[in-house]
């Protein structure tokens, strides 16, 4: 009788270990899910890193020169210098297409 208990305990232990591998914490499914999450996080980190680099470049440009500040003020805020006249020429819709075609450089 004791000879049958040891193999039975070993088989039960083997079943418990396999169940832990396939269904428990740190199982094969969990590892695959974590790998997918890791890839998603890596791509999100890459996008955030690129955005940070763009912002750092813009900050550096703003610190280096007033030309960038002036350009931003003109384009985004529509500002003009003192004693400067701002003239905007608009063409009718039909002439705008012909004017754009005529102004293209030819080789």
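All of the numbers you see were taken from the coordinates with simple rules; none came from a lab. For clarity, every value in this text was computed on a predicted model and none was experimentally measured. In this analysis, Cβ positions are derived from the backbone assuming ideal geometry, glycine residues included, and neighbour counts consider all displayed protein chains.
Details
- Inter-label distance for residue 30 and residue 6, nm, one decimal - labels placed 7 Å from Cα along Cα-to-Cβ: 3.3
- For the pair residue 49 and residue 74, label points projected 7 Å from Cα toward Cβ lie 3.6 nm apart.
- For residue 81 and residue 22, the difference between the fully extended length at 0.36 nm per residue and the C-alpha to C-alpha distance is 14.1 nm.
- Whole-number D in µm² s⁻¹ for the chain, Kirkwood Cα-pair radius fed into Stokes-Einstein, 25 °C, 0.890 mPa s: 110
- Using 0.36 nm per residue and subtracting the Cα-Cα separation, the extra length available between residue 14 and residue 61 on full extension is 10.4 nm.
- Over the chain, DSSP H runs of length four or greater, each weighted -39,500 (n - 2.57), average out per residue to a 222 nm ellipticity of -26000 deg cm²/dmol.
- Taking only the alpha carbons of the range 32-81, we obtain Rg and Dmax values of 18.1, 61 Å in that order.
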